[in-house]
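Bear in mind these aren't lab numbers, they're just calculated from the coordinates by the rules spelled out. Nothing here was measured: the structure is a model prediction, and the numbers come from that model. Cβ placement follows ideal geometry from the backbone for every residue including glycine, while neighbour counts extend to all protein chains displayed.
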Amino acid sequence: MERQGDNRRNVRNWILTGAAIGFAALAVVVCLLLRPKTGAADRFVIRYGDGESLTVPAWETRTIVIRDGKLADEANGEGAENVIHIENGEAWMEQANCPHKECVKQGVLNAETVQSRPLGTWIVCAPHQVYIEYAGGVE
Amino acid sequence: MKIRTLTRMALLTAAALILGYIDSLIPLVPSVPGIKLGLSNLVLLYAVFYMRPVETVILMFLKVGLSSLLFGNAVGALYALAGGVLSVAAMLLLHRIPHVSVIPVSTIGGILHIVGQCAVGCVLISYKPVLFYAPWLLISGTATGLLLGVATRGAFYGIERYERRTGV
Ligand SMILES: [Zn+2]
C-alpha cells in the first residue's frame, strides 16, 4: 500500500514537471516561429524617453547622446546617460552609466550579427529605457 | 508576528540578498546578459514549503525591493516584481496539491518568473525584442528551475531529518 502511494505521488510530480517543460518548449517554438525576419536593413530607430524616437540612416556616421530620456549635445556622465554610435551600417552602445552596462556588452548591430545575437535586431538598455532597433528594408 | 518568525524572515531576507548578489557575479552564458542561476529563489522555495503564504509573499516583496534599492533601479524592480509575483503565486498554488515535491514547484516557478519578465518587456519596449530574447531565457529558466529543485529536494530531506531528530 505504502509503495503504491509513493508511486502515485511520483507520477504526479513527474507529470507536473513534464508539463512545465513541455509548456516552455512550446513557448520557445512559438517565439522562433513568430520572430521577425533578420537581414540587411537600412536604418536604425532609437527609442527613448516617453515614447520618443529618432531614425538614423544606417550609412550615416553619427553619435547620439541621450540623457534622462532626452537628446543631449554631448556626454558628461551625469544623470541616466547612453552614448550610441552609428557608422557604416553598424550601431552600438558606446557608453552607458546604467547599473550593469549590459547594453554596452550587447555588442554591434549589423546585417550579419543580427542573425545570431540573442536580442536579434535590438540593443536594449532596460534600466534607462533606451532601445536601438535595426529596421526597415528586410527581405 | 512572533519573534521567532521575525528572526527567521530577517535571516531569509539577508540570505536572499546575498544569494542574489552572488548570482549577479556568475554569468551563465557570457554573451547573453540576464541569464542567471536564480540562487535567491532557493530562499523562496524554502519559504513556500516551510512558512505561511503571507510570510512568503512578504519575503518576495522584501527581496525585490531591497535588491533593487541596493543593486538596481526602478525599471529593474518592475521586471523583478512581475517575475516574482507570478512565480510565487504559482509556487504557493502548486504547494497546495497534496504530496507535491519541490522539483515541479521549482521548475514551474522558474518558468513563470521568465514569463512575468517577458510580459513587462512587451509592455515597456515591444514584443519584438522579447520574441528574440525569450527562447534564451525560457531554456535557461527551465533548466535552472529544474536543477535548483533537484538540489533543494536533497536539502529538504536533510532539514526534515534534523527537525525530526531535534524536535524543532
Ligand atoms: Zn544600459
Amide H neighbours of B:V29 at under 5 Å, excluding residues fewer than 5 places away on the same chain, with H built from the backbone geometry, are B:I35
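Would you count, across the protein assembly as shown, every pair of lysines whose alpha carbons are under 21 angstrom apart, provided the pair is eight or more residues apart or spans two chains? Before the final figure, lay out each step's value.
Working: A:K37/B:K128; A:K70/A:K101; A:K101/B:K36; A:K105/B:K36; A:K105/B:K128; B:K2/B:K63; B:K36/B:K63.
Step by step, the pairs that qualify in the protein assembly as shown add up to 7.
Could you tell me the relative contact order of chain A? Use alpha-carbon pairs under 8 Å, at least six residues apart, and round to a whole percent.
Numbers: 231 pairs, mean separation 34.0, N = 139.
Contact order relative to length: 24 percent.
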Before anything else, pin down the relative contact order of chain B: Cα pairs under 8 Å, at least 6 apart, normalised by residue count, whole percent. 20
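Give me a single rounded figure for A:32-39: the average over its residues of other chain Cβ atoms within 10 Å of their Cβ.
Numbers: counts 4, 1, 4, 9, 5, 0, 1, 0.
Other-chain Cβ atoms within 10 Å of each residue's Cβ, averaged: 3.
Just to check, using Stokes-Einstein with a Kirkwood Rh over alpha carbon pairs, what's the diffusion coefficient of chain B at 37 °C and 0.692 mPa s in µm²/s? Let's see the in-between values first.
Numbers: Rh = 16.4 Å.
After rounding, the answer is 200 µm²/s.
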When the charge dipole of the protein assembly as shown is computed with +1 on Lys and Arg Cβ and -1 on Asp and Glu Cβ about the Cα centre, the Cα farthest towards its positive end, among A:L33, A:W122, B:F49, belongs to B:F49
Modelled label-to-label distance, B:I22 and B:R4, 7 Å Cα→beta-carbon offset: nm? 2.7
Would you grab the residues whose amide H sits under 5 Å from the one on B:N73? Only those 5+ places off in sequence or on another chain, please, with H modelled 1.01 Å from N. none
State the three equivalent ellipsoid semi-axes of the protein assembly as shown, derived from the C-alpha gyration tensor as the square roots of 5 times its eigenvalues, in descending order and whole Å. 42, 23, 13
If r is the Cβ-Cβ distance from B:L69 to A:L54 and R0 is 25 Å, what FRET efficiency results, to the nearest 0.05? 0.20
Within the stretch A:86-123, whose backbone N sits under 12 Å from a point 7 Å along Cα→Cβ of B:S126? A:121-123
In whole angstrom, note down how far apart the Cα centers of the stretch B:8-72 and the stretch A:1-50 are. 22
So for A:T113, A:T17, fewest C-beta neighbours within 10 Å to most, what's the order? A:T113, A:T17
Cysteines not pairable in chain A (beta carbon separation under 4.7 Å absent): A:C31, A:C98
Once every DSSP H run of n ≥ 4 in the protein assembly as shown is given -39500 (n - 2.57) and the sum is divided by its residues, what mean residue ellipticity at 222 nm do you get, rounded to the nearest 500 deg cm²/dmol? -19500 deg cm²/dmol
For chain A, the convex hull over Cα atoms projects on average to an area in nm² of 11.8
